[in-house]
1. Can you say whether residue A:28 is crowded, with 22+ Cβ neighbours inside 10 Å, of a type in the set (D, E, K, R) and either within 12 Å of chain B (Cβ to nearest Cβ) or in contact with a Gly (Cβ under 9 Å, 6 or more places away or on another chain) (or both), as far as the supplied structure shows?
2. Could you tell me whether residue B:258 is touching a residue at least 12 places away in the same chain (Cβ under 8 Å), touching a Gly at 6+ places or on another chain (Cβ under 8 Å) and surrounded by 12 or more Cβ atoms within 10 Å (Cβ to Cβ)?
3. Which number in (1) over 32 Å from the mean Cα position of the chain (by Cα); (2) surrounded by 11 or more Cβ atoms within 10 Å (Cβ to Cβ); (3) in a helix (DSSP H, G or I) marks the one condition that residue B:348 misses?
4. In the range B:188-208, what residues are buried (at least 18 other Cβ atoms within 10 Å of the Cβ) and either in contact with a Lys or Arg (Cβ under 9 Å, 6 or more places away or on another chain) or within 11 Å of residue B:336 (Cβ to Cβ) (or both)?
5. Can you report the number of residues in the range B:217-245 which are crowded, with 16+ Cβ neighbours inside 10 Å and without any contact (Cβ under 8 Å) to a residue 60 or more places away in the chain?
6. Can you pull out every residue in the range B:16-39 that is without any contact (Cβ under 8 Å) to a residue 12 or more places away in the chain and in contact with a helix residue (DSSP H, G or I) (Cβ under 8 Å, 6 or more places away or on another chain)?
7. Filter the range A:50-69 for residues that are closer than 13 Å to residue A:143 by Cβ and polar (S, T, N, Q); which is surrounded by the most Cβ atoms within 10 Å (Cβ to Cβ)?
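No value in this document is a laboratory result; all are computed from the given coordinates. These numbers were taken from a predicted model, which means no experiment stands behind them. Positions of Cβ are generated from backbone atoms using ideal geometry, with glycine treated the same way; all protein chains shown enter the neighbour counts.
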Amino acid sequence: MGELRSSAAAFEQLVAPYEKQVYYLCLRMMGNAHDAQDCAQDAMLRAFRAFHSFRGEAKVSTWLYTIAHRACVDALRARKPQVSLNTLQEQGWDAEDTAPTPYAQLEQQERKRLLEQALTQLNEEQRAAIVLVDLQGLLYDEAAQVLDIPVGTLKSRIARGRQALAQLLKNYRELFAPSSRPNIEREGK
Amino acid sequence: MMNCTQWHALLDAHLAGSLTPAQQKDFEAHLNACDDCQHLYTVRMDCRMLDDAAEVPALFASSWRQQVKREEEIMQEPNQLPVRRRKFLNRPWLRVASIAAALLVMVGGSLTLGRQLGMQQRATDASYDYAAGYSMPYQEWAGTPGLNSKQAMASAEMEMAADRSAPQSVAREEASATPRAATRIIRTASLTLSTRSFDTDLAALETKLLALGGYVENIDLSTQTRARRNADMRLRVPVDALDAFLEQLKGMGQLLSYNESAQDVSEQYADLETRLKTQQSKMQRLQALLEKAGSVKDLLEIENEVANTQYELDSLTGALRGYDSKINYATLWLTLQEETVPEAQGQPALGARIRAALEDVWAATKAFCEDAAVLVVVLLPFAAVLALVVFIIRIFIKKHGRKNK
């Protein structure tokens, strides 16, 4: 049982590099910081409980993502009927921040806010796919493994999710226009 | 010129940088020409940057580590019983044995019950040990396997039934899984002891309790049938001394039942503490404001707020103290029963004991069958009425159905 004794430390060492990803997956899935925190914590605890059976067949990140995603799905299912007050607040229902901000920064923030909001409007499946691939940069086969679906299904979810996002942000097209952005650069993946 | 669908199909390859130069040219040509695709492209690029600069909240970073440590503490007392039990139930012969054991317990139970109700005259006290689940010594409840030689007889099955299927074994698991060192845990235990020297034991118990720094919160003495006395007590024991006290109780009499539970209130406690701190700092700010207050209206308003905050502070402090008391002093529900001394002193011969036991079982089985027969007869009139009602309803439905057709 000596191994067990040090397992919390071992677990922490293994998992710490991915805590950010876990948190942001939960944040994007849940849509507000409070729920995200609960959910991410739940995910970490679940991971720790399953730690002894983790043999390293999968990448640590994939394994963690799978657990975190499941925690999110469970939490979303549990809260389904009501919308968290935090979600409303974070969607812009709370008092406006009137502090003066340079225009560019304001625009960037606004774009971020709109995008976050649009993400919460997607359905659960598309959101998970988009968050994993487009936000967190997982490869298709990794994301498919996390979500436990075939790659083909994942691809179609992503394609539909991207279009839905673009559709949701249609009214803010000027804000997202390429002219207001740095050059379109290619992304190394 | 490609269309939007074709463009979509190339998007991922483009992002991965795996397009051929010709494809890349076409891709960019469409991107520059098509507003919709341009918009989608920008949104997609924004997605990638959304969480790049973001930081992990410090609260999350610290709290999951804490939780994992706490979880480890709980896991550190290894508990392999559930695993063993699953294997156990998978073996067919053991399943049969369990059923047999359950039947035995049923018969034995009704037998004991029958005797307690005074329905059967007991000639000897031989079959007392039959109710193995009843007179299990403390060691077994506490988990050390060690069979009392008296019980080794009649029933390996009996023991299994008591050991595996009795709810008490669950309680035992819980108890052993409880981390002794963890903070903010409310411990509660309840046990029933049976003793032949009621008065001495009761006095000794109180002395021991006082010596350990505990106190009696409530005691309720009563006399039951056959002049048996009963003391129901609620004791508060300093949590560090609980195990020592329980250990001492072991020697006192026979343990009839034991149950222990631990409730982790760390989170609630920490929550209360945080709220208390918030209210305290609010109070300080209010008092600073009070000194600066210019108009009477302001003054009144602030004082009103001070009163509210004070109320909040008091209730939070009260709640914390309540928790402290519960955490520092474990609650022990103790029932001390006086045991009537059996008249037959010496142990009768094995043959006589078996015969007596068989007689008991036979009597119990007979009583059971008789009861079943009585039940059937008693239920008969009701069954008749029920049958009549069903009959009438069916006729009604049939008629009704025909009318509708």
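1. Working: crowded, with 22+ Cβ neighbours inside 10 Å: yes; of a type in the set (D, E, K, R): yes; either within 12 Å of chain B (Cβ to nearest Cβ) or in contact with a Gly (Cβ under 9 Å, 6 or more places away or on another chain) (or both): yes.
So residue A:28 fits the description; yes.
2. Values: touching a residue at least 12 places away in the same chain (Cβ under 8 Å): yes; touching a Gly at 6+ places or on another chain (Cβ under 8 Å): no; surrounded by 12 or more Cβ atoms within 10 Å (Cβ to Cβ): yes.
So residue B:258 does not fit the description; no.
3. Among (1) over 32 Å from the mean Cα position of the chain (by Cα); (2) surrounded by 11 or more Cβ atoms within 10 Å (Cβ to Cβ); (3) in a helix (DSSP H, G or I), residue B:348 violates only (3).
4. Here is the first cut: in the range B:188-208, the ones buried (at least 18 other Cβ atoms within 10 Å of the Cβ) are B:189, B:191-195, B:198, B:201-202, B:205.
Answer for the range B:188-208, where residues must be buried (at least 18 other Cβ atoms within 10 Å of the Cβ) and either in contact with a Lys or Arg (Cβ under 9 Å, 6 or more places away or on another chain) or within 11 Å of residue B:336 (Cβ to Cβ) (or both): B:191, B:192, B:193, B:194, B:195, B:198, B:201, B:202, B:205.
5. 1
6. Matches in the range B:16-39: B:19, B:24, B:32, B:35, B:38, B:39.
7. Result: A:66.
Residue by residue, here is whether (1) more than 9 Å from every other protein chain (Cβ to nearest Cβ); (2) surrounded by 14 or more Cβ atoms within 10 Å (Cβ to Cβ) holds:
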site	(1), (2)
B:6	yes, no
B:10	yes, yes
B:19	yes, yes
B:26	yes, yes
B:31	no, yes
B:34	yes, yes
B:40	no, yes
B:43	no, yes
